[in-house]
1. Select from the range 85-133 the residues that are over 16 Å from the mean Cα position of the chain (by Cα) and under 21 Å from His175 (Cβ atoms) and write down the one among them that is surrounded by the most Cβ atoms within 10 Å (Cβ to Cβ).
2. Among the listed residues Val71, Val79, Val36, identify the single one that is open to solvent by 20 Å² or more (accessible area, probe 1.4 Å), more than 21 Å from Cys153 (Cβ to Cβ) and either assigned to a helix (DSSP H, G or I) or hydroxyl-bearing (Ser, Thr, Tyr) (or both).
3. If we keep just the residues of the range 43-54 that are of a type outside the set (Phe, Trp, Tyr) and open to solvent by 70 Å² or more (accessible area, probe 1.4 Å), which is farthest from Thr174 (Cα to Cα)?
4. Is it the case, given these coordinates, that Gly146 is open to solvent by less than 50 Å² (accessible area, probe 1.4 Å), of a type outside the set (A, V, I, L, M, F, W, C) and either farther than 30 Å from Val94 by Cβ or without any contact (Cβ under 8 Å) to a residue 24 or more places away in the chain (or both)?
5. What residue, of Val172, Val161, is surrounded by 14 or more Cβ atoms within 10 Å (Cβ to Cβ) and either of a type outside the set (Phe, Trp, Tyr) or out of contact with any helix residue (DSSP H, G or I) (no Cβ under 8 Å at 6 or more places or on another chain) (or both)?
6. Go through the residues of the range 143-151 one by one and say whether even a single one is under 20 Å from the mean Cα position of the chain (by Cα) and at positive phi.
7. Which residues, taken from the range 103-150, are aliphatic (A, V, I, L, M) and closer than 24 Å to Ala25 by Cα?
Amino acid sequence: MNLTLIPSGLVLFRFLISPFLLLDALDGKTSIWFIVGFIAAFLSDIFDGIIARRLGVSNAQLRQADSWADVCLFSCIFVSAWIVYQNILVTYSVPLLMIVFAQLLWWVVNLVKYGKPASYHTYSAKFWGITLFIAIIALFGFDYAGVTLWLTCIAGTIHSVEEIAMTLILPVWTHDVLSIFHALNIRQELLTPITK
């Protein structure tokens, strides 16, 4: 078995399981398998990067695929939430629209500057991922929104603003930049003339 394929397999797993989560929600309710599938997908998102770094196969292509797998997963979950919990989403339309606007702005800024989405995998993205996990489990597992939904929307907005600023700071597309402070250091290194 080629161990270097494990990270790619975990990313592919996330792509493949996403439509099954949506399929489970099409009848207006979700089963326990929705939660099980989501937890498995979330764990794959944690371990693909860790294993890739350990095996020395973390590269731009894999990190971009990882980002697209996240987009696919959470898009399917959002559509599932709209089907099953439309009344709750309407009630919390203000924080949800706040994060949607922030993410759309993030996409526009990155596409205009780089012609493709960023793939920073920042600390703020990891924190947002944790709050998303909690909010999704609370919603689909316990029919609860409230604080958990507000928290993930605020965390996601802060994350989006940070990464927009990072894109404006960095002169070239760069993957795996952990924070705006790392982006400032990279910018300084790239723009500082090399002296002999």
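The values are calculated or read from the model by the stated rules, or taken from the named source; none is laboratory data. Note that the coordinates shown come from a computational prediction; the quantities given were computed from them, not determined experimentally. Here the Cβ is made from the backbone with ideal geometry for all residues, glycine too, and neighbour counts use every protein chain on show. Please note that ligands, DNA and RNA were not included when accessible areas were found on the heavy atoms of the full protein model with its side chains. Shrake-Rupley method; radii C 1.70, N 1.55, O 1.52, S 1.80 Å.
1. It comes out as Val109.
2. After applying the criteria, what remains is Val36.
3. Leu43
4. yes
5. Criteria check complete, one pass: Val161.
6. Checking the range 143-151: not a single residue is under 20 Å from the mean Cα position of the chain (by Cα) and at positive phi.
7. If the condition is that a residue be aliphatic (A, V, I, L, M) and closer than 24 Å to Ala25 by Cα, then Ile130, Leu132, Ile134, Ala135, Ile136, Ile137, Ala138, Leu139, Ala145, Val147, Leu149 are the ones that fit.
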